[in-house]
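Peer 1: Please read through the structure below; I'll follow up with questions.
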Amino acid sequence: MTKQSFNRRQFLATTGLATGALLATPACNILGNSKRRLALIGTGIRGNSFWGRRIQEQYPELIEFVGLCDINPGRLEYGKSYIGVNCPTFTNFEEMMASTKPDLLMVTTVDSTHHEFIIKGLEMGADVLTEKPMTTDEIKCQAILDAERKSGKKLIVGFNYRWAPHASKLKELLSAERVGKITSVDFHWYLNTYHGASYFRRWHGLKNRGGSLLVHKATHHFDLLNWWINSDPIEVFAYGE
């Protein structure tokens, strides 16, 4: 992919509405009402647990895993056992897509590679569900949105923090206006030294892999806030270096 210049106004003009729609799209729109064929790329802890085993256990009447893919054969076999499926495994992504022809591809690889598999998945005829963050910079984001429009397929970002009981309860209370009608919000999130430090012991602490914690971690907080107050931002800016 070639690097190109985007000023802020151009980026907002071409991605703002599309990104808003993307984040608002419910997962049921992709799963539909009939049983769907699922493939998963990236059998790390998030892929194996949240998007693998949990879905396999809770929605067997809606989904069927038809393929798992990872560059690590050992992790791949463990993932197959942990998720509890009996489907083919692959170390080559294109081979998996061509031979299994899934309805839905789930992308749970390292953040900086999300765009590669999202775009290929869309081009090969599958709807795509990607783990957050969708990608790590505006150039990759634009390429993804262009591919989605061109393919005519659907793409959603799975923000797993909405699943947390306290986050869901806050949404319920705010929607019921238990604190009245919201007119202004001042939102702070404090990351403790245990959880915060743990990111820097793995690939998330490398900017070229996860885009920095301002992308990998703060993505949660922007999503939660917008979801809680039913907000569709027009403009976002920040101070920092």
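Please treat every number below as a calculation from the coordinates, not as lab data. Quick caveat: nothing in here was measured; it's all calculated off a predicted structure. Please note: Cβ atoms are built from the backbone with ideal geometry, for glycine as well, and neighbour counts cover all protein chains shown.
Peer 1: Applying 1/(1 + (r/R0)^6) with R0 = 35 Å to the Cβ-Cβ distance of residue 177 and residue 218, what FRET efficiency is obtained, to the nearest 0.05?
Peer 2: On the way: r = 27 Å, r/R0 = 0.78.
Calculated value: 0.80.
Peer 1: Please give the direction-averaged projected area of the C-alpha convex hull for region 164-228, in square nanometres with one decimal.
Peer 2: Result: 5.3 nm².
Peer 1: Now, a different point. At 7 Å along Cα-to-Cβ for each site, give me the label-to-label distance between residue 123 and residue 164 in nm.
Peer 2: Distance between label points: 3.7 nm.
Peer 1: Here's something else I'd like to know. Report P(r) for the chain: all Cα-Cα distances, bin width 10 Å, range 0 to the bin holding the largest distance, values in whole percent.
Peer 2: All Cα pairs considered, the percentages come to 7, 29, 36, 23, 6, 0.
Peer 1: Considering only 164, 143, 126, give the residue with the highest GNM mean-square fluctuation for the chain, with springs between Cα atoms whenever their separation is below 10 Å.
Peer 2: 164
Peer 1: Return the single residue from 141, 87, 69 with maximal mean-square fluctuation; model: Gaussian network over the chain, springs between Cα atoms under 10 Å.
Peer 2: Among 141, 87, 69, the largest GNM mean-square fluctuation belongs to 87.
Peer 1: Determine one quarter of the surface area of the Cα convex hull of region 90-176, which equals its mean projected area, and express it in nm² to one decimal. Spell out each step's value before the answer.
Peer 2: Working: hull surface 28.6 nm².
The number I arrive at for region 90-176 is 7.1 nm².
Peer 1: Using only the alpha-carbon atoms, how far is helix 114-123 inclined from the longest principal axis of the chain? Give it as 0 to 90 degrees, nearest 10.
Peer 2: Between the helix axis and the principal axis of the chain, the angle is about 60 degrees.
Peer 1: If you fit an axis through the alpha-carbon atoms of helix 138-151 and take the longest principal axis of the Cα set of the chain, what angle between them do you get, 0 to 90°, nearest 10?
Peer 2: Approximately 60 degrees, to the nearest 10.
Peer 1: In which sequence would 103, 137 go, from the one with the fewest C-beta neighbours within 10 Å to the one with the most?
Peer 2: 137, 103
Peer 1: Using a Cα-Cα cut-off of under 22 Å, which lysines could be cross-linked to residue 120, ignoring same-chain neighbours fewer than 8 residues away?
Peer 2: Hits, sequence-local ones excluded: 3, 101, 132, 140, 150, 153, 154.
Peer 1: Would you mind counting up the charge near residue 121? Only other residues with Cβ under 12 Å from its Cβ, with Lys and Arg at +1 and Asp and Glu at -1.
Peer 2: Values: positive: 101, 120, 153, 154; negative: 94, 103, 116, 123, 127, 148.
Neighbourhood net charge equals -2.
Peer 1: For 78, 239, what ranking results if the residue with the fewest other Cβ atoms within 10 Å of its Cβ goes first?
Peer 2: 239, 78
Peer 1: For the chain, take the longest principal axis of its alpha carbons; what is the angle in degrees between that and the long axis of helix 8-24, to the nearest 10 within 0 to 90?
Peer 2: Tilt of helix 8-24: around 70 degrees.
Peer 1: Which residues make up the longest stretch of the chain that has no trypsin sites (Lys or Arg not before Pro) in a DSSP loop with at most 12 other Cβ atoms within 10 Å?
Peer 2: The answer is 4-177.
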